[in-house]
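Q: I have a structure I would like to understand better, so I am pasting it below and will then ask my questions one at a time.
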Amino acid sequence: MEEIKKLVETIVKAIQEKKGSRIVVADMSMIDGAICKYFVICQGNSPTQVEAITDSVEEYARINAGERPVKVVGLENAQWVAMDYVDVMVHIFLPDVREYYNLENLWQDAPQTAIADLD
């Protein structure tokens, strides 16, 4: 479990490096039937920033946690990118798309930790 938490911390740092905002970590480990142990949800202000955050997460996870995503989808239009690290799913949204899908509310049974934006 410590390796998974290290991966989550690494992902959060990678998002912050590219000024991703409104980061939320949802602990799914106690939810029966959940597809992973953690969701990391954030947003970028443009498709370019969403792509930059995605690249940063991939690089940080590979270098600092020795992990590569099993699958990355959504880069074609970069409105919602999902990165699958098996035990951790990363969701990088544009603000309006994030609001529309509202994953935090969908998984409201999971304890959620909001990470303060860096200035």
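The values are calculated or read from the model by the stated rules, or taken from the named source; none is laboratory data. Everything numeric in this text was worked out from a predicted model, so none of it was measured. For neighbour counting, all protein chains shown are included, and Cβ atoms are generated from backbone atoms with ideal geometry for every residue, glycine included. These accessible areas exclude ligands, DNA and RNA; they are computed on the full protein's heavy atoms, side chains included. Shrake-Rupley method; radii C 1.70, N 1.55, O 1.52, S 1.80 Å.
Q: May I ask you to list the residues in region 100-110 that are farther than 12 Å from Gln79 by Cβ and either polar (S, T, N, Q) or open to solvent by 80 Å² or more (accessible area, probe 1.4 Å) (or both)?
A: Asn102, Asn105, Leu106, Gln108, Asp109 - these are the residues of region 100-110 that are farther than 12 Å from Gln79 by Cβ and either polar (S, T, N, Q) or open to solvent by 80 Å² or more (accessible area, probe 1.4 Å) (or both).
Q: Are there any pairs, at least 6 apart or on different chains, whose C-beta atoms fall under 6 Å, with the first in region 1-19 and touching a residue at least 60 places away in the same chain (Cβ under 8 Å) and within 13 Å of Gly66 (Cβ to Cβ) and the second open to solvent by less than 40 Å² (accessible area, probe 1.4 Å) and not in a helix (DSSP H, G or I), and if so, which?
A: What qualifies is Leu7/Val88.
Q: Go through the residues of region 30-48 one by one and say whether even a single one is within 12 Å of the chain's Cα centre (by Cα), modelled with pLDDT of 95 or more, part of a loop (DSSP other than H, G, I, E, B) and small (Gly, Ala, Ser).
A: Checking region 30-48: at least one residue is within 12 Å of the chain's Cα centre (by Cα), modelled with pLDDT of 95 or more, part of a loop (DSSP other than H, G, I, E, B) and small (Gly, Ala, Ser).
Q: Moving on to the next point. Of everything in region 15-29, what is modelled with pLDDT of 95 or more and among the polar types (S, T, N, Q)? Give them in sequence order.
A: Result: Gln16, Ser21.
Q: Within the set of pairs 6 or more residues apart or between chains, which connect a residue that is within 12 Å of Glu3 (Cβ to Cβ) inside region 54-70 to a residue that is crowded, with 20+ Cβ neighbours inside 10 Å and among the hydrophobic types (A, V, I, L, M, F, W, C) with Cβ atoms less than 6 Å apart?
A: Ala65/Leu7; Glu67/Leu7; Glu67/Ala61
Q: Identify the single condition in (1) buried (at least 18 other Cβ atoms within 10 Å of the Cβ); (2) closer than 23 Å to Lys5 by Cβ that Asp84 does not satisfy, given that it satisfies every other one.
A: So Asp84 meets the others, but not (1).
Q: Of all residues in region 1-22, which are under 15 Å from Ile92 (Cα atoms) and of a type in the set (Lys, Arg)?
A: If the condition is that a residue be under 15 Å from Ile92 (Cα atoms) and of a type in the set (Lys, Arg), then Lys13, Lys18, Lys19, Arg22 are the ones that fit.
Q: Just give me the residues in region 57-81 being loosely packed, with under 13 Cβ neighbours inside 10 Å and assigned to a loop (DSSP other than H, G, I, E, B), in sequence order.
A: At the first step, the residues of region 57-81 found to be loosely packed, with under 13 Cβ neighbours inside 10 Å are 59, 63, 66, 68, 70-71, 73, 76-77.
Within region 57-81, Gly66, Arg68, Val70, Glu76, Asn77 qualify.
Q: Quick one: which of Thr54, Thr10 is surrounded by 17 or more Cβ atoms within 10 Å (Cβ to Cβ), hydroxyl-bearing (Ser, Thr, Tyr) and in contact with a helix residue (DSSP H, G or I) (Cβ under 7 Å, 6 or more places away or on another chain)?
A: Thr10
Q: Being buried (at least 20 other Cβ atoms within 10 Å of the Cβ) and of a type in the set (Val, Ile, Thr) is the filter; apply it to region 26-51 and report the residue that is farthest from Leu7 (Cα to Cα).
A: My answer is Val50.
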